[in-house]
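Chemist: Supplied in structure tokens, the structure appears directly below.
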Amino acid sequence: MDDAPVIYGLEFPARSLAAQCAETEVTRFLVGTQALRAENQIHLVDFDEDNNLVNKTVYAHRLGEIWNIAASRGNKHLLSTCYNHIELNKSIQRAAVWRMPDSHEDDMDSVRMSSDSETLHKLTDLDDVDHVNTVAVIWHPSGIDDKIASITDSALLIWDLNAECQSTVADVKESGMKSKLLAAAWNPHHNSQQIAASCGSTVKAWDIRQSGVRQGSAVWSLESINDETVRCIDFNPNRPYIVASCGDDCRLNIWDTRNSKQCLMSILEHSHWIWSVSYNQYHDELILTSSSDSRVILHKLCSVSSEPHIESADDVSDDKQPREDKLVNVYEDHEDSVYAAVWSSVDPWLFATLSYDGRLVINRVPRAEKYNILL
Amino acid sequence: MADDENSLALRKERRKRLQQYYTDLNEQPECEQQRKLDNPTPPMVMESPNPLNINSPAFEPDAYLSKLLKEKSLSDLMERELDMVKQIRSLDSDMQTLVYENYNKFIGATDTIRQMKTDFCKMEDDMEQLAVGINEITETSSQISAALQNKRSQISKLSQVHTLLQKLQFLFQLPGRLRTWVDTGANRKAVNYYTKAKSVLNRYGNLSSFQHIHDECEVIVVKLKEDLWESFRANHDDVVQLGETVDLILKLGDPPESLCAEYITQAKIKLEEDLAQLQKHVEGEGYKLRGDRDVIDTLEFADMACGGFLSNHSILTSSYIELFVDGVGRTQPLFQAEATQRLIDFSRSLVQEFREYVETRLLGDADNSPHTQMVVRASDRIYRKATALDRLLPELKLRDGMAKLLVQVALRRCNYMNGTLDTYLTDAITSVRQSLASPSLHIGGGGQSNISQLLGSFQGNILTCIKSILRDAELFIAEDTCFSGMEFFATEYKWKHVREGIFIGFIRRINKQCEGYTDDIGSHLSPAMFLFLARFVHDLHLSTMYQIVNLLEDNFPRAQGNQNGQTNQDALAENLRTTAQKLINHYVRQQGMHVSAMIRKSIETRDWLSTMEPRAVRAVVKRLVEDMSAIDNQVGSLFEEGVAKAHSSDSSRQQSRWSYVPAATDTNLMSNIQKLFSERIEVFTPVKFNKVSVLTGVIKISLKTLLECIRSKTFGKFGLQQVQVDCRYLQLYLWRFATDDNLISLLLDEIVTSAVHRSLDPQLMESSVVELLCERG
């Protein structure tokens, strides 16, 4: 039997979730709440796999409701948030980089009062005069912490934290595009020199070395055939050129960036918008999607994974199920729209999903499928 | 005679009985013994001789008397005596009567014998007279015959001379007659008479008178022969004439070997002419490039093949066999074998060439000709004629070759029919697309009945097309064709190529094509088209498919047993059902996305923080209701109403639940508690094939989109109130489209709750004002 999912409830609605990637010992997730009229929090959730228990540390985030949260890959104390800032009847989104207190381990031992939330130390704001409304922040995939990218409505910015300076890589308004930027992903291949961002129904990628006075044009561009917004993109961590995208067309699309005319695969399982797509870092045939139809779906797409059909002569896998593309499981633990789904950075078979009603569910890949992949 | 025999039998019978009577007494003991041996239980009837029985032969009077005296009283004795006297007396009188009668009969017999004696004497005299008469007759007869003997021999001699004279006269007249016949063209007669006279002329040719005749005849015959040869070489149009000419030449005694070779040469010339004519109508480019006027149709081609090559070849072959194989060959067995061999060699290449032409043409026509009937009849004719030729020349296996060709023709034709069906389907779908795209049928255009009429005629046309193809397919197995009995046509053709290949395959292809529309995200079919196809495939799954299968049952039933490649009907139906479901799902999704796009735009482009106090329902919300109504019309024209859950009586009138002003944290808590108690909303359930279910699907997607858009925005006081008004309006007008108005209320509740949550200043409007605004519209 598969283990029952572990459910952790927050008092506030939430839509931002990230795995603490730099942590290699304990499965930790960061959740940012979204309360307009109350003090917002960042929950650091520890998952104790042996006992199926959840421990939390709550940090106050007084600047506003959190729309996006991201953790550094190199330093487990660093994280970034995008938050709502309201002034003069205008709501804009700003971003900041934070450092968590070092004494995290001590907290676990000496149980403090939970109401007395910890405070975060703000390292820097990521605000640019020309480009407001930051929708997402992404960290360098190799854990180089002084490089960080932020996406605003209209531009892709690269920040150098040490030098405290910023450069614009792409400005969509100036290149004549009407849609706003919505989601971004940093290509981990080829020295991490590409960043892809969704802009309406297209996905464009820019070379970060082009930064400077003049913004470069897109390196490649993927056009969705039906004119529906792309809400999330993710690069295959192990196989170059392969990208997954999803959005309002309810489809999970897999692309080869070298052929932008047609996607490799298009899977229609969700019945409403897909808000997030996430590759498993170790077994890239496993892809997680979450949707506002309140379902989470685990796909297994071997044909576009980094290990396509290795059915050699010494193959003894007759008793094994053939490696084919299939839908592994549909998780129906949520009752509201699921805005985020992320894999644990420690256990490749573990993932967390977050729905708007503040329900964080920690779930596992079905055991049968796990053995099928491993054996 | 018969009387005699009867009387003889009668007499024998009588004698036998007498003998039996007299021997009875002696033999009885023996018989008795015999019987005892035969049968261990003695018969009750026979008793041992009783000396006291008066009727027994062993009767002893003394014993009997003493016994009587001992046993009987006096009166008894007296009575007994009286009785006996009476018996004795009657016996005596009987005996007297018998003796008298016999005496009379004896007297009668004596008289008869005496009479007979006198009669016989008379007869003897008559017989003597007769013998004398006959002797006289014999004598006279021999005298007469001796007298006539002379004359008879003379007469027979005279008649012999007469015949001889007749023959001679014939011989003398022969040259003249021959000349006349030759001149008038009666060659056969001339040759016949010449051959008759030839032996005589040869025998008596040394006599001077005959010599003359002989020479004269020879001259004529040589000339005749020359004429014949000439006509033989010159004329190869009339193959019957050719055979006849050769027959005559043969009779005139020319050597069969050279004649045979010459005959084959001539036949070849003729047949090659026929082939050349066929070739004209086969050869690729000429055949295709030539104008329509010159191209002959399949049937004419078949007639040409039958009437030309095949028939000529048959006639030539049969007369060849008659002349050389059966005629000359009977006397020369060596030549017979050689002649047969020559014939086969000669035919083989010609027939091979013929087969190539026919194959090219028939297969070409099977691929292209619009008339199946013509192809079938042409094949039938050629096959029949080829069978006839095959009987004469079984060595060439022409019939087998033609049978193989027929199978190929049938297979090609099946392909052609498949192509026809596919083209028809594609055209029909294209025309439906055009009709649907025309303004009169556009969404909200009010042409609802047209769309169902369109469906009706679409289905009708497809069925008609299927029926006509079915009729074409039946032509191949019609009883009047000579090949309907071939095994291929009786089995494999029926179930594999027609049933599976054409019709089940067609259903399968429809299924695949329609399924392809849903898979292909680039397909630009209109929503109406998807709705139309959904209905079509749904009908196909429920009834049309079975109609088609029923049509097939008569002539193209399933094969017996479990043949590989037979389609499981249930699986096919299941596939169709799945496809119909996919199509209707696609329709719902497409319409949902269409409405969603509108909603999204209206929410995202507005600044909800600094909006004015709501004065009316937003136009886009009214538009949403209008669109729903249009979709409702569209779906309603093709699908049944469906069952809606009973609407609670006050559903549209119920008051908004959001009239309170909740504290910030309470909202979340309240909504969570509310969710705990209400059952989980299955927002996305499978769509059923009825109007309400389809509409519910579209509405659910649209409202979910509205919810998501609201959640991504931040609202001021009036922004929230505007959402409140809009939702109330939707609640008032959307319930009638959906299966479950509770579901809609729940979704709308959630939208308002989310808006409250996203509001900086969550103050809801007075519900009476909301009602007022909604009523104003």
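Chemist: So, A:Arg37, is that one more than 12 Å from chain B (Cβ to nearest Cβ) and either modelled with pLDDT under 85 or surrounded by 17 or more Cβ atoms within 10 Å (Cβ to Cβ) (or both) or not?
Modeler: no
Chemist: Let me ask something else about it. Could you list, in sequence order, all residues of region B:582-602 that are surrounded by 20 or more Cβ atoms within 10 Å (Cβ to Cβ) and either aliphatic (A, V, I, L, M) or touching a Leu at 6+ places or on another chain (Cβ under 6 Å) (or both)?
Modeler: Selection gives B:Leu583, B:Ile584, B:Tyr587, B:Val588, B:Met593, B:Val595, B:Ile599.
Chemist: OK, next. What is the number of the single condition among (1) part of a helix (DSSP H, G or I); (2) modelled with pLDDT under 75; (3) surrounded by fewer than 17 Cβ atoms within 10 Å (Cβ to Cβ) that B:Val219 does not meet?
Modeler: For B:Val219, the failing item is (2).
Chemist: Which is more than 60 Å from the chain's Cα centre (by Cα), surrounded by 10 or more Cβ atoms within 10 Å (Cβ to Cβ) and among the charged types (D, E, K, R), of B:Lys157, B:Lys151, B:Lys122, B:Lys70? Spell out the reasoning first.
Modeler: Numbers: B:Lys151 fails: surrounded by 10 or more Cβ atoms within 10 Å (Cβ to Cβ); B:Lys122 fails: surrounded by 10 or more Cβ atoms within 10 Å (Cβ to Cβ); B:Lys70 fails: surrounded by 10 or more Cβ atoms within 10 Å (Cβ to Cβ).
Exactly one of B:Lys157, B:Lys151, B:Lys122, B:Lys70 is more than 60 Å from the chain's Cα centre (by Cα), surrounded by 10 or more Cβ atoms within 10 Å (Cβ to Cβ) and among the charged types (D, E, K, R), namely B:Lys157.
Chemist: Filter region A:40-61 for residues that are in contact with a His (Cβ under 7 Å, 6 or more places away or on another chain) and open to solvent by less than 10 Å² (accessible area, probe 1.4 Å); which is farthest from A:Asn84 (Cα to Cα)?
Modeler: Among them, the one singled out is A:Ile42.
Chemist: Collect the residues in region B:603-616 that are open to solvent by less than 50 Å² (accessible area, probe 1.4 Å) and among the hydroxyl-bearing types (Ser, Thr, Tyr), keeping them in residue-number order.
Modeler: Correct list: B:Thr611 only.
Chemist: Another question about this same structure. Could you tell me how many of the residues in region B:480-514 are surrounded by 21 or more Cβ atoms within 10 Å (Cβ to Cβ) and touching a Pro at 6+ places or on another chain (Cβ under 9 Å)?
Modeler: Number of matching residues: 2.
Chemist: How many of the residues in region B:713-748 are open to solvent by 10 Å² or more (accessible area, probe 1.4 Å) and within 14 Å of another protein chain (Cβ to nearest Cβ)?
Modeler: 5
Chemist: Considering only region A:119-208, give the strands (runs of 3 or more DSSP E) lying wholly within it that have at least 3 residues that are over 20 Å from the mean Cα position of the chain (by Cα) and on the phi < 0 side of the Ramachandran plot.
Modeler: Those strands (runs of 3 or more DSSP E) span A:121-125, A:165-171.
Results for (1) at the interface with chain B (Cβ under 10 Å from one of its Cβ atoms); (2) in contact with a helix residue (DSSP H, G or I) (Cβ under 6 Å, 6 or more places away or on another chain); (3) open to solvent by 10 Å² or more (accessible area, probe 1.4 Å), shown as yes or no for each residue.
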position: A:Asp248; (1), (2), (3): yes, no, no
position: A:Leu252; (1), (2), (3): no, no, no
position: A:Glu285; (1), (2), (3): no, yes, no
position: A:Ile297; (1), (2), (3): no, no, no
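Chemist: Report, by residue number, each residue of region B:685-705 that is touching a His at 6+ places or on another chain (Cβ under 7 Å) and facing another protein chain (nearest Cβ under 9 Å).
Modeler: B:Ile701, B:Lys704
Chemist: Please go through region B:753-777 and give me each residue that is within 14 Å of chain A (Cβ to nearest Cβ) and assigned to a helix (DSSP H, G or I), ordered by number.
Modeler: Once the filter is applied, which keeps residues that are within 14 Å of chain A (Cβ to nearest Cβ) and assigned to a helix (DSSP H, G or I), region B:753-777 yields B:Thr753, B:Ser754, B:Ala755, B:Val756, B:His757.
Chemist: Could you list, in sequence order, all residues of region A:259-270 that are outside any strand (DSSP E or B) and open to solvent by 10 Å² or more (accessible area, probe 1.4 Å)? Steps first, please.
Modeler: Going through region A:259-270, the residues outside any strand (DSSP E or B) turn out to be A:260-264, A:269-270.
Result: A:Ser260, A:Lys261, A:Gln262, A:Cys263, A:Leu264, A:Glu269.
Chemist: Looking for whichever is farther than 23 Å from B:Val635 by Cβ and either in a helix (DSSP H, G or I) or at pLDDT 85 or above (or both) here; the options are B:Arg558, B:Arg509. Which one fits?
Modeler: The conditions single out B:Arg509.
Chemist: Still on this model: When you scan region A:81-92, do you find a residue that is away from chain B (no Cβ under 14 Å) and either under 18 Å from A:Leu354 (Cα atoms) or open to solvent by 10 Å² or more (accessible area, probe 1.4 Å) (or both), even just one?
Modeler: Yes, region A:81-92 contains at least one residue that is away from chain B (no Cβ under 14 Å) and either under 18 Å from A:Leu354 (Cα atoms) or open to solvent by 10 Å² or more (accessible area, probe 1.4 Å) (or both).
Chemist: Let me ask something additional. Could you please give the count of residues in region B:626-650 that are at pLDDT below 85, of a type in the set (S, T, N, Q) and open to solvent by 50 Å² or more (accessible area, probe 1.4 Å)?
Modeler: Here the count works out to 2.
Chemist: Out of B:Glu226, B:Glu244, report the one residue that is under 21 Å from B:Arg342 (Cβ atoms), of a type in the set (D, E, K, R) and within 60 Å of the chain's Cα centre (by Cα).
Modeler: Going through B:Glu226, B:Glu244 in turn, the sole match is B:Glu244.
Chemist: In this structure, is A:Asp336 in contact with an Asp or Glu (Cβ under 6 Å, 6 or more places away or on another chain) and either open to solvent by less than 10 Å² (accessible area, probe 1.4 Å) or within 13 Å of A:Ile287 (Cα to Cα) (or both)? First the steps, then the outcome.
Modeler: On the way: in contact with an Asp or Glu (Cβ under 6 Å, 6 or more places away or on another chain): yes; either open to solvent by less than 10 Å² (accessible area, probe 1.4 Å) or within 13 Å of A:Ile287 (Cα to Cα) (or both): yes.
Judged against the criteria, A:Asp336 is a match.
Chemist: Okay, next question. Tell me, which residue of region B:456-479 that is within 19 Å of B:Gln634 (Cα to Cα) and either among the polar types (S, T, N, Q) or modelled with pLDDT under 85 (or both) is least open to solvent (accessible area, probe 1.4 Å)?
Modeler: Among those residues, the one meeting the criterion is B:Gln459.
Chemist: Testing B:Pro175 on (1) more than 30 Å from B:His313 (Cα to Cα); (2) open to solvent by 50 Å² or more (accessible area, probe 1.4 Å), one condition comes back false. Which one is that?
Modeler: (2)
Chemist: Quick check on my filter: what residues within region A:235-246 are within 17 Å of the chain's Cα centre (by Cα) and surrounded by fewer than 21 Cβ atoms within 10 Å (Cβ to Cβ)?
Modeler: Within region A:235-246, the subset within 17 Å of the chain's Cα centre (by Cα) is A:235-238, A:242-246.
Within region A:235-246, A:Pro237, A:Asn238 qualify.
Chemist: Is it true that B:Ile54 is in a loop (DSSP other than H, G, I, E, B), free of Cβ contacts under 8 Å to residues at least 12 places away in the same chain, open to solvent by less than 100 Å² (accessible area, probe 1.4 Å) and among the β-branched types (Val, Ile, Thr)?
Modeler: Spelling it out, B:Ile54 is indeed in a loop (DSSP other than H, G, I, E, B), free of Cβ contacts under 8 Å to residues at least 12 places away in the same chain, open to solvent by less than 100 Å² (accessible area, probe 1.4 Å) and among the β-branched types (Val, Ile, Thr).
Chemist: Before we move on, is B:Arg203 touching a Leu at 6+ places or on another chain (Cβ under 9 Å) and open to solvent by 50 Å² or more (accessible area, probe 1.4 Å)?
Modeler: No; evaluated as a whole, the condition is false for this residue.
Chemist: Return the residue satisfying two criteria in turn: it lies in region A:271-280 and is under 22 Å from A:Trp349 (Cα atoms) and within 12 Å of chain B (Cβ to nearest Cβ), and of such residues it is surrounded by the most Cβ atoms within 10 Å (Cβ to Cβ).
Modeler: The initial filter retains those residues of region A:271-280 that are under 22 Å from A:Trp349 (Cα atoms), namely A:274-280.
Now restrict to residues that are within 12 Å of chain B (Cβ to nearest Cβ): A:274-275.
Working: A:Ile274: 29, A:Trp275: 24.
Of everything passing the filter in region A:271-280, A:Ile274 is surrounded by the most Cβ atoms within 10 Å (Cβ to Cβ).
Chemist: Do we find that B:Gln373 is part of a helix (DSSP H, G or I) and surrounded by 14 or more Cβ atoms within 10 Å (Cβ to Cβ) in this structure?
Modeler: yes
The values are calculated or read from the model by the stated rules, or taken from the named source; none is laboratory data. Just so we're clear, the structure is a prediction, and the values are computed from it rather than from any experiment. Glycine also receives a Cβ, built like all others from the backbone with ideal geometry; neighbour counts cover every protein chain displayed. Just so you know, the surface numbers come from the protein's heavy atoms only, side chains and all, with ligands and any DNA or RNA stripped out. Shrake-Rupley method; radii C 1.70, N 1.55, O 1.52, S 1.80 Å.
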